[in-house]
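Notes for the one structure printed next.
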Amino acid sequence: DQQVKQNSPSLSVQEGRISILNCDYTNSMFDYFLWYKKYPAEGPTFLISISSIKDKNEDGRFTVFLNKSAKHLSLHIVPSQPGDSAVYFCAASAKGGSEKLVFGKGTKLTVNP
Amino acid sequence: KAGVTQTPRYLIKTRGQQVTLSCSPISGHRSVSWYQQTPGQGLQFLFEYFSETQRNKGNFPGRFSGRQFSNSRSEMNVSTLELGDSALYLCASSLRAGFGNEQFFGPGTRLTVL
């Protein structure tokens, strides 16, 4: 039973364009969401998070949108850069982030120069 | 400031053996979490320790265990290894308990079970 789903295993975009990575969840108890980026042979790196009391959080080129009614969140990267090429994981937690993290299986983003 | 370190980086074991992995968190961080990453299942949470106490546990069999020492260093043990335990094991540390604050990951230990 996969509670956090990233339905696109891969995504390819041109440099300078927008990258949109999607994530769906099924557990209505989740109220805290995070995105991580992972390069090969390295551990994941935290990117951005959002609490369910918000519907948008922005940090530089990265924006996360949360649609609670659809149980859907998305990560927008604008503009995309070749260095953004990595695997992106969506994760969710309940009780404001105090419960264990549940991860999606990741989306491999390739940004072409 | 040194990052999260994990030892060893690579490990090869045979079925039935046991293994202990080590994680040293960033200085000052008191929370350590462990994750398993496999191609089929992605990243899965194993457990979280804070101040030597296990706060959260994932859905793994009892063969997987862990502990945290007073200096916040943590170890993870897997007994009676199975082929399916082959994975990248990641450790992450953070200042406080829970996942509402930023976690910093180590590079992982690649375990191969033959």
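Observations
- Residue list for region A:9-23, filter: at pLDDT 95 or above and of a type outside the set (A, V, I, L, M, F, W, C): A:S10, A:S12, A:Q14, A:E15, A:G16, A:R17, A:S19, A:N22
- For B:R96: the one exception among (1) surrounded by fewer than 16 Cβ atoms within 10 Å (Cβ to Cβ); (2) basic (K, R); (3) in contact with a Leu (Cβ under 8 Å, 6 or more places away or on another chain): (3)
- Looking across region B:23-59, the residues that are among the aliphatic types (A, V, I, L, M) and part of a strand (DSSP E or B) come down to B:V32, B:L43, B:L46.
- Here region B:37-46 is the region considered, the condition is being in contact (Cβ under 8 Å) with a residue 24 or more places away in the chain and more than 8 Å from chain A (Cβ to nearest Cβ), and the residue that is farthest from the chain's Cα centre (by Cα) is B:T38.
- B:Q37 being at pLDDT below 95, within 18 Å of A:T45 (Cα to Cα) and of a type in the set (S, T, N, Q): yes
- Filtered by the rule that a residue be hydroxyl-bearing (S, T, Y) and either within 14 Å of chain B (Cβ to nearest Cβ) or buried (at least 22 other Cβ atoms within 10 Å of the Cβ) (or both), region A:26-40 gives A:Y32, A:Y36, A:Y39.
- B:V113 vs. criteria under 11 Å from the mean Cα position of the chain (by Cα), aliphatic (A, V, I, L, M), crowded, with 17+ Cβ neighbours inside 10 Å and modelled with pLDDT of 95 or more: no
- As a summary of the residue check, A:S28 satisfies the conditions (1) within 14 Å of A:F103 (Cβ to Cβ); (2) part of a loop (DSSP other than H, G, I, E, B) except for the one numbered (1).
- Residue match in region B:72-90 (condition: within 14 Å of another protein chain (Cβ to nearest Cβ), touching a Ser or Thr at 6+ places or on another chain (Cβ under 6 Å) and either within 17 Å of A:G43 (Cβ to Cβ) or without any contact (Cβ under 8 Å) to a residue 40 or more places away in the chain (or both)): yes
- Some residue of region B:59-66 being of a type in the set (S, T, Y) and surrounded by 16 or more Cβ atoms within 10 Å (Cβ to Cβ): yes
- When residues of region B:91-114 are limited to those that are touching a helix residue (DSSP H, G or I) at 6+ places or on another chain (Cβ under 7 Å) and within 10 Å of chain A (Cβ to nearest Cβ), the one nearest to A:G96 (Cα to Cα): B:G100
- You will find that of A:S69, A:S74, A:S93, the residue that is among the polar types (S, T, N, Q) and within 12 Å of another protein chain (Cβ to nearest Cβ) is A:S93 and no other.
- Cross-chain or 6+ apart pairs with Cβ under 7 Å, region A:42-64 first and surrounded by 13 or more Cβ atoms within 10 Å (Cβ to Cβ), then of a type outside the set (D, E, K, R) and in a loop (DSSP other than H, G, I, E, B): A:E42/B:P107; A:G43/B:G106; A:G43/B:P107; A:G43/B:G108; A:F46/B:Q103; A:R61/A:V78; A:R61/A:P79
- Taking the listed residues B:P107, B:P61, the one that is on the phi < 0 side of the Ramachandran plot and in contact with an Asp or Glu (Cβ under 7 Å, 6 or more places away or on another chain) is B:P107, with no other qualifying.
The values are calculated or read from the model by the stated rules, or taken from the named source; none is laboratory data. Values in this document were obtained by computation on a predicted structure and should not be read as measured data. Here Cβ is always computed from backbone atoms with ideal geometry, including for glycine, and neighbour counts include all displayed protein chains.
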